[in-house]
Every structure is written in C-alpha cells, then in structure tokens.
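First the structure, in the form of structure tokens, and then the observations on it.
Quick note: the coordinates plus some simple rules give every number you see, no bench work behind them. Source: prediction; values computed, not measured. In this analysis, Cβ positions are derived from the backbone assuming ideal geometry, glycine residues included, and neighbour counts consider all displayed protein chains.
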Amino acid sequence: MKLIILRSEKTGVEKGPEDLYLQEFNTHYANRVIGNLRGKPEFCTACAAECAHCRDPYRRDFSGDIAGIFSFPAVLPYVIEKPEQYLPPDVPPHDALLALHIHEQILLEMLRQCGRWGTKCVVVPLEAPDWITHSARAQANALCRAHGVEIAFPKPFCGFRPSSGGALAAFRDYFHIGYPEVELAVENGKITKANVIASGACGSTYYIARWLIGRSLEDDLVTEVISKRLHSFPCTASMERDPELGDDTPLHIAGQAHNMILAKVKEIPPPLTGHVLSPHGKWIQKAASPTDTLKNIERAKAVILDEVRANGTYTLNQVRAKAPDLNPAAFVSAVLLLKKEGKLRT
C-alpha cells in the first residue's frame, strides 16, 4: 500500500502577536507520526537508559511504502486566495492520503484532484478541537464521495477504528496505526507478553505495552501503567475540552482507548468519561460542562420550588435528598437565581 503524507513544517517565519490574520499549524505531531511509520531506532527515547528496544522485533519500517511527503508552511493566513498555488506539481499514485494538520483550504484543493492520483482513502486525524472546521469537513466528505474515496476524521487518531472490508480498514491493518490493539499473554496472574497489533499513530502503544510486561493483573494497571506511561510518552492529543466529544478531551479519549488493551485479560473500570487524571496521578471527578451545569441548576430550581410549595420552606439537606446526584453548588446557584427572579426569599 502506497501512502502520501501531507504535513505542515516550520520555515523560520514566526507568528507575532500583531499577525491577527495568520494561523499556526502543529508540526510536532507530524514528526511523531512519521517517525513511528519509519521505525527509526532513535524515534523513541522515552525509556532512556532502560531502553529494551521493544520495537525492533516488529520490523515496522514503512519508509518504502511512503510515496511522498509534502510539506506546507506552518504559518498561513486564515483565508488563502489561491490555495492551488501551494499544491505540489506532481503527486505520485497512491492508495492512502494522510493529512497531518494542514490548512483546510489546501486539503480541500488536494481532495478536488485526488481522483486522478488513484487515492482510495483519506485520513485526517484531529488531535485538537480546532484543527478543521465543520464546513471544511462537510466539503471534504462531499468531494471524496464524488471521487469514490473513503475519508475519516478520527478525533484523536487513537479513535480510528474503521469498519472492516474497506480501504480505511486496509490502511489501519497495513500500517498498524489507529485504535490501539495489543495481544496479552498471562501466566500465573502476570503479563508475560504484549504483542502490539496496532499502535497509536504517535507510537505510544509500544511504550505502554513494554511496561505492561511483568506486571500482575492485581495491580492498578490503568492508573499505574497505562495512564502514567501515556502521559509521560507524552501523548500528543489536546487537553482542550471538545463539545463533539461530550465536552471531553482528545487526550482523555486516547487514554480510554489504551485502557481497553486490558479488557480481554482483566476486568477494568467502566469508561472514565466523567473523570480526569490529576497531576498527582489520581482519577478525580471531571467538572460538569457549561451545558450540564445550566441543566443541573434548572433541576435544582425545580426541586427547591416543589419543596417550598409543599412545605412552605426548605433546607439544603431536604432538597439534596430528593436529588442526590446534584452537587451543593447547583443548589446554591439555584437559590441565588430564584431570589433574583422574586420566586424565593431567605
């Protein structure tokens, strides 16, 4: 399978605070993905002196399958008048197109012409909420449909799990990147082998699998191995909250995907979508999203008014008992709003 990679690359032009019409594209992520695909020994140095050369047995160097890497400026205007001027003059035939945070207008221009290059599938990973707009995604989908090309926008790349049988699935299987998949062997309650079938595109799964070997299934592997190793690799996904992910973060979704490595050998906690990992390595309750907060306050207002109508008064303990899932802050905010609306006095 032949692959074309589109990436952003720094050219020495830095974006200053006065450049209000410019945007800057991530270049570090592309370095990680390309380094993983090429399988160079110096790509991963996370273990430092304790390096066990865990990637060597896989012999996954796809340099010969990369038909071309095309770089675009890492700083560009938000609106490009003639995006076609940035297109490479000659694009070799290929099966897959991987776009690693490039200007969306350049991406769309590439997709308008991908039919003549034999492109079968396009993968546009989104490691942060603002990497591509909704309208650009809609246009990209339409262009690919017109050319009979499959396209995916995994957010983050660790969530890339296409349906079997298509070109996208063939891409994941061939290059062994996307949703992490690891075969674990267990003897006497300890993990003795960890074979990486598919890794996160940045290569983090090999690092995590290497540190699972020798650990007991009785250990808190989710926190002590997967979470800590993913954060220290470090994961390239964003820590920004994203409404498309239920106000979760791409980094947290990447962590959830890696937690599932253990699912076949160990009963792991349910998806921790309501929790985040603290700087001290403990899972703590995630703050409610602004939308959920407003809904909780409205519920608290209704509970308080019902109590007042029934008994003429209320206490915090009484109303909390009727809605134990709401936190005290929701009730305090509800009281303040009801007082302001003239519906309650204290």
When the chain is treated as a Gaussian network with springs between alpha carbons less than 10 Å apart, the largest mean-square fluctuation among Gly165, Gly64, Gly178 is found at Gly165
Spin-label pair Lys228/Ala323, simplified geometry with 7 Å Cα→Cβ offset, distance in nm | 4.0 nm
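Quickly rank 40-49, 197-206, 241-250 as a protection proxy: mean count of other C-beta atoms within 10 Å, highest first.
Working: 40-49: 11.7, 197-206: 25.3, 241-250: 17.4.
Those peptides, ordered most packed to least, come out 197-206, 241-250, 40-49.
So, R0 is 30 Å and r is the distance between the beta-carbons of Ala169 and Glu42; what FRET efficiency does that work out to, to 0.05? Present the calculation step by step, with values, prior to reporting the outcome.
On the way: r = 31 Å, r/R0 = 1.04.
Computed FRET efficiency for Ala169 and Glu42 comes out at 0.45.
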Among Lys264/Lys322; Lys155/Lys190; Lys10/Lys40; Lys120/Lys266, which pairs are too far apart, with a Cα-Cα distance over 28 Å?
-> Lys264/Lys322; Lys155/Lys190; Lys120/Lys266
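Please report the antiparallel percentage of DSSP beta bridges with both residues in the chain, rounded to the nearest 5.
Values: 15 of 34 bridges.
Antiparallel bridges: around 45 percent, rounded to the nearest 5.
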Where a Cα-Cα gap under 16 Å defines reach, which aspartates and glutamates qualify for Lys343, not counting those fewer than 8 residues away within the same chain?
-> Glu298, Asp306, Glu307
Measure off 7 Å from each Cα along the Cα-to-Cβ vector at Thr27 and Gln113, then give the distance between these two points in nanometres to one decimal.
-> 2.4 nm
Find, to one decimal place in angstroms, the Kirkwood hydrodynamic radius of the chain, where the mean of 1/r is taken over every pair of different Cα atoms and then inverted.
-> 23.0 Å
In nm, spacing of pseudo-spin labels at Lys190 and Glu267 (7 Å Cα→C-beta vector) | 2.5 nm
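Rounded to the nearest 0.05, what FRET efficiency do Lys295 and Met1 have when you use their Cβ-Cβ distance and R0 = 41 Å? Walk me through the intermediate numbers first.
Values: r = 47 Å, r/R0 = 1.14.
With a Förster radius of 41 Å, E is 0.30.
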Can you tell me the FRET efficiency between Leu87 and Ala310 if r is taken as the Cβ-Cβ distance and R0 is 51 Å, rounded to the nearest 0.05?
-> 0.15
Summing -39500 (n - 2.57) over the DSSP H runs of n ≥ 4 in the chain and dividing by its residue number, what mean residue ellipticity at 222 nm do you reach, to the nearest 500 deg cm²/dmol?
-> -9500 deg cm²/dmol
